[in-house]
Amino acid sequence: MSKESRSIPAAFRGYQLPLSAYESLIQTRDQLRLLAQFTEAGARGFRFRGPYSFGNIFAKDLSQSSTFTYQALVPKDTLEADLEQSNTVGADGFALIGPMIVNSQSRNYYYKASNCTGPALCMPTSPFGL
């Protein structure tokens with residue numbers, strides 16, 4: 001496919017992707033330590049992008065001084081209750097990352113962006129907030 005015939009999605013037309021930095025944090029087997037890792041990375045401007053076999057991947061937009069706050073909440077017993085939980089924290093500006101299981105303990109993880117603009121890291125990019 002030639003460069004001239006490529007199509008750019010309308011949401012990204014005129015938007016220049018930022019310079020980014022990435023880091024991987026070693027996966028822990030403790031929910032409190034995991035949330036502490038997320039919190040420390042978020043305070044330095046890194047947003048969680050996903051778990052990988054070798055660790056959790058975080059990305060940072062080097063063109064702005066964003067920060068990210070994270071919450072890890074115990075999942076509810078029903079889908080309706082989980083949706084209610086997500087809507088409650090969503091009203092406070094948090095977006096769902098999704099459930100994460102650490103050492104047989106499940107938590108619903110959420111993030112909130114501050115001082116952040118643009119779709120690359122500041123807004124949810126999938127139905128589940130990632």
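Listed by first and then second residue, the pairs with beta-carbon distance under 8 Å, at least 6 apart or on different chains, first residue in region 16-27 and within 13 Å of Asp61 (Cβ to Cβ) and of a type in the set (Ser, Thr, Tyr), second part of a loop (DSSP other than H, G, I, E, B) and at pLDDT below 75, are Ser20/Ala120.
Residues considered: Ala43, Ala10, Ala81, Ala91. Of these, the only one that is at pLDDT below 85, exposed (fewer than 13 other Cβ atoms within 10 Å of the Cβ) and at negative phi is Ala10. Residues in region 111-124: is at least one modelled with pLDDT of 90 or more, surrounded by fewer than 16 Cβ atoms within 10 Å (Cβ to Cβ), farther than 30 Å from Leu19 by Cβ and under 17 Å from the mean Cα position of the chain (by Cα)? No, the conditions are met nowhere in region 111-124. When restricted to residues that are acidic (Asp, Glu) and within 18 Å of Asn103 (Cβ to Cβ), region 23-55 contains 1.
The values are calculated or read from the model by the stated rules, or taken from the named source; none is laboratory data. This structure is a prediction, so every number in the text was calculated from the model and none was measured. Heads up, the Cβs are rebuilt from the backbone with ideal geometry, glycines too, and the neighbour counts pull from every protein chain shown.
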